[in-house]
Amino acid sequence: FMAGQSEPGREFAASTADCVFCVNDTKETAQEFYNDVKDRMHRYGRNPDDMRIVPGCGIYVGRTAAEADEFYEELQSLIAPALGVPYLSKLCEMDLSRYPLDGPMPTEVEETTAIVAFRDSIMEMAKRENLTVRQTYQRVLPSMGHVVFKGTASQIADEMEDWYKSKACDGFNIQTPVLPRSLNEFVDLVIPELQRRGVFRKEYEGRTLREVMGLPTPQNPFFGSSSVAAE
């Protein structure tokens, strides 16, 4: 398992990884990353199905779309600037306390080798949607910068199924708010809807995580010789 979407990260994933955690806040950017990394695997003699690409996904589910919106807005309003600004500064590798809270999110960035893809995804989102510093940390912190699916169980299942069938991902790393209500509603409402559509398992197939994920067991090049075993 690895994370990293820089050029070296993509190459390392294609040559080695079984599973890649990534951040993509639109289906189009997710599809670009998915296709790029999977296409590189052929150069290393690997089958694209031998790796899983799993973006993060923030889930906010309600019995109605309005209820989900209300829940999401409530959580956003609870993020104090004393928490939001330093945390966003850390993710973006820049001091955002120098900028007006309700002014535009700055676009100039300093060179860094840390969490580059994460930082770039946040900056692109802020620029695309004309977000302020406050609006940016309100968007980023609840879902840790990942794509947000919000609405009824059916609406969320629509989005997740579309990403999966459109080859934007092989699955999701779910980022639900750390609240019993949110996690329970995801399990009780969204999972059954995905199972009904045939895109989520009803039983685990296999005993190990590798078997459950449908990944092959890699062969160790230093073992397996019958002559060595005979000796």
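The values are calculated or read from the model by the stated rules, or taken from the named source; none is laboratory data. This one's a predicted model, so the numbers in the text were calculated from it and none came from an experiment. Note: ideal-geometry Cβ built from the backbone for every residue, glycine included; neighbour counts use all protein chains shown. With ligands, DNA and RNA removed, areas are computed over all heavy atoms of the protein, side chains included. Shrake-Rupley method; radii C 1.70, N 1.55, O 1.52, S 1.80 Å.
Remarks
- Restricting attention to the stretch 75-87, the residues being open to solvent by 50 Å² or more (accessible area, probe 1.4 Å) and outside any loop (DSSP other than H, G, I, E, B) number 6.
- Of all the residues in the stretch 49-74, those that are in a helix (DSSP H, G or I) and buried (at least 17 other Cβ atoms within 10 Å of the Cβ) number 3.
- Exactly one residue among T208, T217 is surrounded by fewer than 12 Cβ atoms within 10 Å (Cβ to Cβ) and modelled with pLDDT of 90 or more, and that residue is T208.
- Only one of the listed residues (L96, L101) is of a type in the set (A, V, I, L, M) and either within 22 Å of the chain's Cα centre (by Cα) or open to solvent by 20 Å² or more (accessible area, probe 1.4 Å) (or both). That residue is L101.
- For the stretch 88-107, a residue qualifies if it is part of a helix (DSSP H, G or I), farther than 12 Å from A126 by Cβ and modelled with pLDDT of 90 or more, and the qualifying residues are S89, S97, R98.
- Note on the stretch 185-202: residues that are closer than 14 Å to A68 by Cβ and among the aromatic types (F, W, Y) amount to 1.
Yes/no matrix, rows are residues, columns are (1) farther than 24 Å from V116 by Cα; (2) of a type in the set (A, V, I, L, M):
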{"position": "V37", "(1), (2)": "no, yes"}
{"position": "G45", "(1), (2)": "yes, no"}
{"position": "D50", "(1), (2)": "yes, no"}
{"position": "C57", "(1), (2)": "no, no"}
{"position": "E74", "(1), (2)": "yes, no"}
{"position": "L83", "(1), (2)": "no, yes"}
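- Only one of the numbered conditions (1) assigned to a loop (DSSP other than H, G, I, E, B); (2) of a type outside the set (A, V, I, L, M, F, W, C); (3) open to solvent by 30 Å² or more (accessible area, probe 1.4 Å); (4) modelled with pLDDT of 80 or more is not met by E110, and that is (4).
- Of the residues A13, A17, A68, the single one that is of a type in the set (A, V, I, L, M, F, W, C), more than 25 Å from A157 (Cβ to Cβ) and out of contact with any helix residue (DSSP H, G or I) (no Cβ under 7 Å at 6 or more places or on another chain) is A17.
- Which numbered condition H42 misses (of (1) surrounded by 13 or more Cβ atoms within 10 Å (Cβ to Cβ); (2) under 21 Å from M213 (Cα atoms)): (1)
- Residues of the stretch 149-185 classified as at pLDDT below 90, within 20 Å of T29 (Cβ to Cβ) and of a type in the set (A, V, I, L, M, F, W, C), total: 1
- Of the listed requirements (1) within 16 Å of the chain's Cα centre (by Cα); (2) modelled with pLDDT under 95; (3) closer than 21 Å to W163 by Cβ, V116 misses just one: (3).
- Among the conditions (1) among the charged types (D, E, K, R); (2) at pLDDT 90 or above; (3) part of a loop (DSSP other than H, G, I, E, B), R134 misses just one, which is (3).
- Test: F12 is open to solvent by 50 Å² or more (accessible area, probe 1.4 Å), assigned to a strand (DSSP E or B) and not β-branched (V, I, T): no
- Restricting the first member to the stretch 21-46 and to residues that are over 12 Å from A168 (Cβ atoms), and the second to residues that are polar (S, T, N, Q) and surrounded by 14 or more Cβ atoms within 10 Å (Cβ to Cβ), the beta-carbon pairs closer than 8 Å and six or more apart or on different chains are F21/N173; V23/Q5; V23/S121.
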